[in-house]
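Have a look at the structure below, then the notes.
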Amino acid sequence: MQKKKCTTAEKAIQLIESSQTIFLAPMCNEPQVLVEELIRPKAQLQEILLYTSVLGSPSKYADLSCQPHFTIRTFLSSSLFKTAYKNNHCDYVPLEGLLHMACWLWALLVRQLDNG
């Protein structure tokens with residue numbers, strides 16, 4: 001029988017360390033509770049790379065106050081990222097980069113399944 005893996009947003013964000021990469025999954029939209037918790041302690045986090053392709057998100061991590069803490073790579077261009085683009089806080093990744101990301105996610109999933 002598989003053990004449930006549930007936690008609070010606060011505890012989940014505490015697992016993140018500076019210089020890590022986070023992929024904000026597009027299929028279920030961004031859980032805003034997690035995004036809010038991610039940007040709240042941003043002063044403790046440095047050089048976090050965020051991959052996103054979510055439409056309709058408020059994208060609070062694109063705010064200039066988050067710039068020294070988060071770098072954004074997105075597969076979809078949005079007006080919400082306009083200021084971030086102008087300040088070199090956000091990069092657009094063409095869709096062929098999505099294949100690279102899919103391979104990375106698959107390897108991560110396999111690693112997690114192997115670790116139980």
Checklist line | Sequence-distant lysines (8 or more away, or on other chains) whose Cα lies within less than 17 Å of residue 42 | finding: 11, 60
Notebook entry, point to check: Which value at 222 nm does the chain reach when only helices count, each DSSP H run of 4 or more adding -39,500 (n - 2.57), with the total divided by all residues and rounded to the nearest 500 deg cm²/dmol?
Noted result: -10000 deg cm²/dmol
Checklist line | Degrees separating the helix 96-115 axis from the principal Cα axis of the chain, which is the longest one | finding: 30
Next item on the list: With the full set of protein chains in place, find how many percent of the accessible area of the chain is carbon and sulfur; take the probe as 1.4 Å.
Entry: 57
Next item on the list: Please list the radius of gyration and Dmax for the chain, considering alpha-carbon atoms only, with Å as the unit.
Entry: 14.7, 50
Margin query: Counting only other residues whose beta carbon sits under 14 Å from that of residue 64, what net charge do I get with K and R as +1, D and E as -1?
Written below: +3
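Taking the Cβ-Cβ separation of residue 85 and residue 65 as r and a Förster radius of 22 Å, what is the calculated FRET efficiency to the nearest 0.05? Write down the numbers at each step before the final one.
Details: r = 16 Å, r/R0 = 0.74.
For residue 85 and residue 65, the calculated efficiency is 0.85.
The values are calculated or read from the model by the stated rules, or taken from the named source; none is laboratory data. Because the structure is predicted, anything quoted here is derived from the model rather than measured. Note: ideal-geometry Cβ built from the backbone for every residue, glycine included; neighbour counts use all protein chains shown. Only protein heavy atoms, including side chains, enter the accessible area calculation; ligands, DNA and RNA are left aside. Shrake-Rupley method; radii C 1.70, N 1.55, O 1.52, S 1.80 Å.
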